[in-house]
1. Say R0 is 56 Å: what FRET efficiency, to the nearest 0.05, do TYR369 and THR264 get from their beta-carbon distance?
2. Loop-only chymotrypsin sites (Phe, Trp or Tyr not before Pro) in segment 225-323, please: DSSP not H, G, I, E or B, and at most 15 other Cβ atoms within 10 Å.
3. Roughly what would the spin-label model give for LEU361 and SER384, points 7 Å off Cα along C-beta, in nm?
4. For semi-axes √(5λ) of the Cα gyration tensor in Å, the choices are [x] 72, 49, 18; [y] 68, 24, 19; [z] 35, 29, 22; which was calculated from the structure?
5. Please work out the FRET efficiency for the pair ALA432 and ILE206, using the Cβ-Cβ distance as r and a Förster radius of 60 Å; give the result to the nearest 0.05.
6. Go through SER174, THR185, GLY240 and say which Cα lies farthest out towards the positive end of the charge dipole of the chain; charges sit on Cβ, +1 for Lys and Arg, -1 for Asp and Glu.
7. What is the spin-label model distance, in nm, from SER471 to VAL256 if the labels are put 7 Å beyond Cα along the C-beta direction?
8. Report the FRET efficiency, 1/(1 + (r/R0)^6), for GLU194 and GLN330, where r is their Cβ-Cβ distance and R0 is 45 Å, rounded to 0.05.
Amino acid sequence: MSMRIGGLASGMDIDMLVKQLMQAERAPLNKLYQKRQTLEWQRDAYREVNLSLSKFRDAYAKLRLQSTFSGYSATSSNANVVSAKATMSAIPGTYKIEVVQLAKAASVTSANALKNASNENAKANDKVLSENDPEFSFQIETAKGTATITVTRSDTFATLAQKIQNATNSDKESLGLRANFDNTTSRFFISAKEPGDDSWFQFKVIDDGDEDTSDEEFVQQFIKEKILGDPSASSLKFEGQNAKVNYTPPSGNMIVVDNLKSNTFTINGVEFNLHTVSSEPMYVKVASDPEGIINTIKDFVEKYNELVDQLSNLIKEPKYRDYPPLTEEQKEEMKEKEIELWEKKAKSGLLRNDPIITNFLNQMRRAIYDPIEGIPANELNQISKIGITTGNYLSGGKLEIDEDKLRAAVLEDPDGVMKLFTKSAEKNGNTAQMGIGERIYATLNTTLSDLRDKAGSPGYTSGDQSLLGKSIYTLNDQISDWEVRLAKIESRYWSQFTAMEEALNKMNQQSLWMQQNLLNFG
């Protein structure tokens with residue numbers, strides 16, 4: 001960099017002059033900065049809409065499901081013993097259920113604290129073999145096959161547990177075991193991953209065919225002492241069990257059900273979840289629950305209206321063209337509150353009359369209000385028939401509820417209400433044949449895709465290939481080019497002023513020399 005001379009000869013404030021000249025030169029760059037800031041704000045605004053629509057979609061995807069409109073609830077006399085849930089096919093009435101036993105996975109815990117070579121309570125990193133013990137192998141068998149476990153001199157209690165847990169059959173499929181060695185209790189905890197009577201495992205000693213059985217006896221004793229913690233263990237096989245209940249339907253005799261592989265199961269449309277064994281019978285009452293359906297629909301309408309308000313405000317928000325984004329220089333001259341108020345107006349109207357949002361609101365109005373093809377006109381084929389109508393067009397299509405009419409529809413024709421929301425299209429993609437829940441879900445997915453194409457996904461900035469993302473990347477390149485260009489221009493100005501100062505300095509020196517010589521001549 002050439003030396004800069006700041007007005008020593010001319011007496012001018014060169015720094016200020018260059019700064020003022022560069023302010024004019026920076027005008028195009030400032031416009032690029034402002035354009036980029038506007039696009040970034042707009043991208044963020046689109047992503048906020050994306051987030052709102054995603055949350056709404058996830059919350060009301062259930063409107064597509066028949067189970068949402070089952071119209072029944074299940075109440076247990078003691079949910080700590082048995083809890084229950086009614087499905088679509090549940091029959092109203094009171095069910096009696098006695099929990100005889102729970103489903104359990106095959107498992108074993110070392111009976112006593114295991115000892116290391118020093119006869120102290122073992123730790124996970126202690127070696128399982130003493131100095132004089134030979135290396136050997138044994139097998140573990142489950143319903144999924146058999147695996148051979150080799151115990152080496154370097155194995156610790158922790159690595160042996162890992163070998164058991166990672167055991168695979170001849171097809172390299174997991175045997176389905178969990179194994180852990182616990183430091184606090186100095187014990188192995190081994191279990192099958194799944195409960196039920198086909199959940200079992202056993203340790204097996206490999207027969208080498210030799211008449212000398214001392215090796216086999218050593219291995220068997222090792223398993224008993226170093227894994228099971230019981231030298232006198234009578235069996236090396238461990239089995240799980242099915243759940244067993246005595247089930248009595250509302251009308252009928254008691255049925256013993258003992259083939260339950262899990263503690264969660266469904267009988268006759270009621271899903272039961274067993275928590276503990278009890279000597280007392282439990283009672284589960286299945287009854288009509290129209291309030292659940294009514295509240296779901298009312299909640300949907302409320303949240304939908306909130307969404308319509310939010311989006312309608314965005315597309316109607318005024319645009320203040322006299323309030324572009326502030327440059328850094330402008331911010332330095334303003335107070336914090338002034339900046340806040342300015343930027344509030346600068347951000348206003350970013351999505352005014354936006355076609356994606358406008359189209360979404362129009363499509364949602366049609367999705368909700370248009371009749372469902374395939375449902376006869378004398379049935380519940382339109383949402384207005386259950387007491388839900390759209391308000392004034394100027395309100396953005398918000399919904400209004402006649403709660404009495406809605407309640408009557410749910411009580412008198414719950415299947416019709418369910419079909420109104422959940423009907424599938426006879427022809428794939430034909431939205432006219434879809435139920436309201438299906439239409440809403442499809443409309444939301446289409447709009448979310450459009451928003452991602454326009455502004456990318458919330459939370460992602462790097463690698464953004466959306467339309468706005470590409471525009472921002474292009475502006476970044478232009479800004480970078482301009483910054484290089486301005487650095488050269490500023491350097492040129494300084495070179496010119498420096499040359500001027502040097503020339504003036506030389507002239508001043510010559511003038512002084514001439515004055516001195518004239519004085520001397522006189």
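Throughout, read-outs are computed from the coordinates displayed, never taken from laboratory work. The structure displayed is predicted, hence computed values, not measured ones. Quick reminder, even Gly has a Cβ in these numbers, built from the backbone with ideal geometry, and neighbours come from all protein chains shown.
1. It comes to 0.90.
2. Here the sparse-neighbourhood loop sites are TYR320.
3. Result for the modelled spin labels: 2.1 nm.
4. [x]
5. About 0.30, to the nearest 0.05.
6. Checked the options; the winner is SER174.
7. Label at SER471, label at VAL256, 7.5 nm between them.
8. 0.10
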